[in-house]
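Okay, structure first, notes after.
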Amino acid sequence: MTQPRILQLGRLLPYLEQTLAQRYDVHLLANEADPKAFLAREGASFSGAVTNAGLGIDGDTIAALTNLKVISSFGVGFDKVDLPAARARGIPVGYTPDVLNDCVADTAFSLVMDVGRGFTASDRYLRRGDWLKAPFPLATRISGKKLGILGLGRIGNVIARRASGFDMEVRYHNRRPVEGSPYGYEASLEGLARWADFLVIAAAGGADTKHLVSREILAALGPKSFIVNIARGSVIDEEALIEALENKTIGGAGLDVYQDEPRVPERLIACENAVLYPHLASATHETRKAMADQVLANLASFFETGKVAVAVP
């Protein structure tokens, strides 16, 4: 039987690339000097496409793949996948939720701890020799504080459970209350920001949430509270955030995501009240292997049954 031809849009984990190559006829679009010309010439030969959350797949590429039947994406975010274009042609889009919940929640709570207590800042302090001159400045206690979560979905719920181990009170803001949730619901994001000591962003990216955390929300947070983002950089107005950090109108920020990754503004890097991670929330051997297996399972399920195992809703 002829193997389905799969277009791989960008580089993936070696394990995933090797397994894809064993099971399918795979072509890496990133190797093409002129991708548009290649797609115009050979786009019709592909029945599947594999991408990742950071790269996605745009409408022009989908249009060029005239016989495309399935898209399988490595990651939980799908804001860079042109879902309307895929849905218009009945193309299912598989992704990899759930398997990364724990590691992303761990990263969120690491940022809560770090930005509040100043752990990485204290590491720099010691290495510079500043401890020889004076004790490290006092920081903010984590236990017993108020944790607000924007986006009480799969990952948000795990973050909330992590907070219970620190005796934190948890409230959340969604478009609507989550039925059966044990956590308090705030009807407005501004109200949640005013209430919270730590505001964690766990909402999906995309046009609906772009700059949802605005200058006004940051002002509501105030100079003694902190913001943490493990969702998408687009959810926060980055310019407003930098101004708030520079002017110390918020206590600090813990960030794993940015508006123009991997390019991070120099002004943000210069903010000592910001903890900056290089988008590593799901970056463990165990989780990335599980994500790769889900990408493979989504493709295998489609070619066997006509349905992906885990589809974007």
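A short reminder: the numbers here are calculations on the coordinates, not readings from a lab. Just so you know, these numbers come straight off a predicted model, no measurement behind them. For neighbour counting, all protein chains shown are included, and Cβ atoms are generated from backbone atoms with ideal geometry for every residue, glycine included.
Among the trypsin sites (Lys or Arg not before Pro) in the range 15-107, those located in a DSSP loop and surrounded by at most 15 other Cβ atoms within 10 Å of their own Cβ are 89.
Here the scattering of the chain is modelled by Debye summation over its C-alpha atoms, one equal scatterer each and no solvent; at q = 0.12, 0.13, 0.16 Å⁻¹ the log10 of I(q)/I(0) is -0.85, -0.95, -1.24. Amide H to amide H, with H built 1.01 Å from N, residue 184 comes under 5 Å of 170, 172, counting only residues 5 or more places away or on other chains. Amide H contacts under 5 Å for residue 275: 253, 254, 255, restricted to partners 5 or more places along the chain or on a different chain, H placed in the peptide plane at 1.01 Å from N. The calculated Kirkwood hydrodynamic radius for the range 101-276 is 16.2 Å, given to one decimal from all distinct C-alpha pairs. For the range 274-285, the Karplus equation 6.51 cos²θ - 1.76 cosθ + 1.60, evaluated at θ = phi - 60°, returns couplings of 10, 9, 10, 9, x, 6, 10, 3, 9, 7, 10, 4 Hz by residue, with Gly and Pro reported as x.
A straight line joining the Cα centroids of the range 118-189 and the range 7-47 runs 41 Å. Counting only GluC sites (Glu not before Pro) that DSSP places in a loop and that have at most 15 other Cβ atoms within 10 Å, the longest clean stretch of the chain runs over 33-178. Within the range 210-313, the trypsin sites (Lys or Arg not before Pro) that combine a DSSP coil assignment with at most 11 other C-beta atoms in a 10 angstrom radius are 224, 248.
The HN-Hα couplings worked out from phi for the range 87-95 by the Karplus form 6.51 cos²θ - 1.76 cosθ + 1.60 (θ = phi - 60°) are 5, 4, 9, x, 8, x, 10, x, 9 Hz, whole numbers, x standing for Gly and Pro. From helices alone, the chain scores -10500 deg cm²/dmol at 222 nm; the rule is -39500 (n - 2.57) for each run of n ≥ 4 DSSP H residues, then divide by the residue total.
Summing Cβ point charges (Lys, Arg +1; Asp, Glu -1) relative to the Cα centre of the chain gives a dipole of roughly 400 debye. Averaging Cα coordinates gives a centre for the range 260-305 and one for the range 197-253; these two points are 20 Å apart.
Each of 284, 81, 27 was scored by the projection of its Cα onto the charge dipole of the chain, and the greatest displacement toward the positive side belongs to 284; charges sit on the C-beta of Lys, Arg, Asp and Glu.
In the range 101-276, taking the dipole from charged Cβ atoms about the Cα centre, the farthest positive-side position among 231, 174, 132 is held by 132.
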